[in-house]
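Undergrad: Here it is: the structure, laid out below.
No lab work stands behind these numbers, since they all come straight from the coordinates. Since the model is a prediction, treat every value here as computed from it, not as a measurement. Ideal geometry is used to build each Cβ from the backbone, glycine not excepted, and the neighbour counts take in all protein chains shown.
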Amino acid sequence: MKETNPVWTWIVPIASLAALGASTIFPNPVVRAVAAAALIGAVFAAVHHAEVIAHKVGEPFGTLVLAVAVTVIEVALIVSLMMAAGPEKAGLARDTVLSAIMIAANGIVGLCLLVGGVRHHEQGFRIQSASAALAVLCVLSVMTLVMPNFLVATPGPTLSRSQLVFVGTVSLVLYLVYVFVQTVRHRDYFLAEVGEGEDVHAQAPPIRAVIASVGLLGSALVAVVGLAKTLSPVIEVAVARAGAPVAVVGVAISALVLLPESLAALRQARVNRLQNSLNLALGSALASIGLTIPVIAAVSIAFAKPIELGISPRDTVLLALTLLVGVITLGTGRTTVLQGAVHLVIFAGFLFLTVVP
């Protein structure tokens, strides 16, 4: 019988936390190289333990666990960077949230559709789940990232205190309604068709293994985000030396933090569980807005920290293209490699234009 939690899945999260502590105390190139290796190991450990929990609690709770856990710690990372930085980092939260949306809705979705299409030719999912997620994503992304550019209460891509309260409140409320629909009222919309996927009858892990995975998942995610924060100055220096825009830093941080979800979604697509992949990818994009915006709005008001939310015209076009194409490619309930290639082209365009605006 296959062991639920192999030895490496216990050792790696603990070792990653140790590497995090060492990199904080001894910030030298050798320790940072070890921290980078520990970051990769922590990502794989997080994916393993998330899958153990998902197998026990069932869907869509399993994918929700990983999406929310990663996003909550990502919010903590953004807040810590906001508190330590000055006005020059006013756009950090905006860049990180936008990057998370583009990575999830184009990068993760595109890669899952492409890999799943190559291996299984055509894959299916429930249209109701994708439609619900895309509807919420359209509203939240436009209200938080686009509308600030067209309001007149404050100059530039910023919001007034009352506008921040409103945007933060409606973002959280709409996200909670989505989670309620996903897990309670219309849970069946987010479940794979009966018989879909490989190993659907695999034995559920014992409760002791699941409890251990909960703790180890938390440790691994703390290590991932902590190591990402530790390595962020290195990323900032590299970006500055390359002469790239500061927005590249937000993309890099989001990519590091979303690695566990990316790998988990990809593994689900490979075993023909595309529904789970889409739950995870689109759920991550929604959590990035629904949980991040309310918190950073509260921090901005409470500590008088400047915050810019409005995105550039170029990013507005790319976001609109992402939402439009998402409605089209996920509107039939069946996908092939073509849909995956389309999303990956948009993602490649986002990355290229971020570096070469």
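Undergrad: If you stretched the chain out fully between F166 and V34, how much longer would it get, using 0.36 nm times the residue separation minus the C-alpha to C-alpha distance?
TA: 43.2 nm is the gain from fully extending F166 to V34.
Undergrad: Using only the C-alpha atoms of region 34-127, find the volume of their convex hull and express it per residue in Å³.
TA: Convex hull volume per residue, Cα atoms: 146 Å³.
Undergrad: Continuing with this model, one more query. Using every Cα-Cα pair within region 289-330, state what percent have a distance larger than 14 Å.
TA: Across region 289-330, Cα pairs with separations above 14 Å total 63 percent.
Undergrad: Moving to a separate point now. Kirkwood hydrodynamic radius of region 101-251 from all distinct Cα pairs, in Å?
TA: Answer for region 101-251: a Kirkwood hydrodynamic radius of 20.0 Å.
Undergrad: Would you mind calculating the relative contact order of the chain from Cα pairs under 8 angstrom and at least 6 residues apart, reporting the percent as a whole number?
TA: The value is 39 percent.
Undergrad: Which semi-axes, in whole Å and largest first, does the equivalent ellipsoid of region 224-278 have when worked out from the alpha carbon gyration tensor as the square roots of 5 times its eigenvalues?
TA: Each semi-axis is √(5λ); the values are 30, 12, 7 Å.
Undergrad: Taking the Cα atoms of region 310-356, report the difference between the largest and smallest coordinate on each principal axis, in whole Å and largest first.
TA: Principal axes ranked by extent give 33, 19, 9 Å for the Cα atoms.
Undergrad: Where does the Debye-calculated log10 I(q)/I(0) of region 32-85 sit at q = 0.13, 0.14, 0.15, 0.26 Å⁻¹, using only Cα point scatterers of equal weight, no solvent?
TA: Rounded to two decimals, the profile gives -0.45, -0.51, -0.57, -0.97.
Undergrad: If you don't mind, another one. So what is the 222 nm mean residue ellipticity for the chain from helices alone, if each DSSP H run of at least 4 adds -39500 (n - 2.57) and you divide by all residues, rounding to the nearest 500 deg cm²/dmol?
TA: -24000 deg cm²/dmol
Undergrad: Which helices of the chain meet both criteria: a Cα extent of 30 Å or more along the helical axis and a mean Kyte-Doolittle score no lower than 0.0, with helices taken as whole DSSP H segments?
TA: For the chain, where a helix must reach 30 Å along its axis and average at least 0.0, the hits are 29-57, 61-84, 207-242.
Undergrad: At most 11 other C-beta atoms within 10 Å and a DSSP loop state: those are the exposed GluC sites (Glu not before Pro) I care about. Give me the longest piece of the chain that has none.
TA: 199-357
Undergrad: Using the reciprocal of the averaged 1/r over all distinct C-alpha pairs, how large is the Kirkwood radius of region 190-313 in Å?
TA: In region 190-313 this quantity evaluates to 17.8 Å.
Undergrad: What dipole magnitude, in Debye to the nearest 20, does region 179-320 give about its Cα centre under +1 on Lys/Arg Cβ and -1 on Asp/Glu Cβ?
TA: Taking the Cα centre of region 179-320 as origin, the dipole is about 280 debye.
Undergrad: Among H49, H186, H343, which comes first, then next, by fewest other beta-carbon atoms within 10 Å?
TA: In increasing order of surrounding Cβ atoms, one gets H186, H343, H49.
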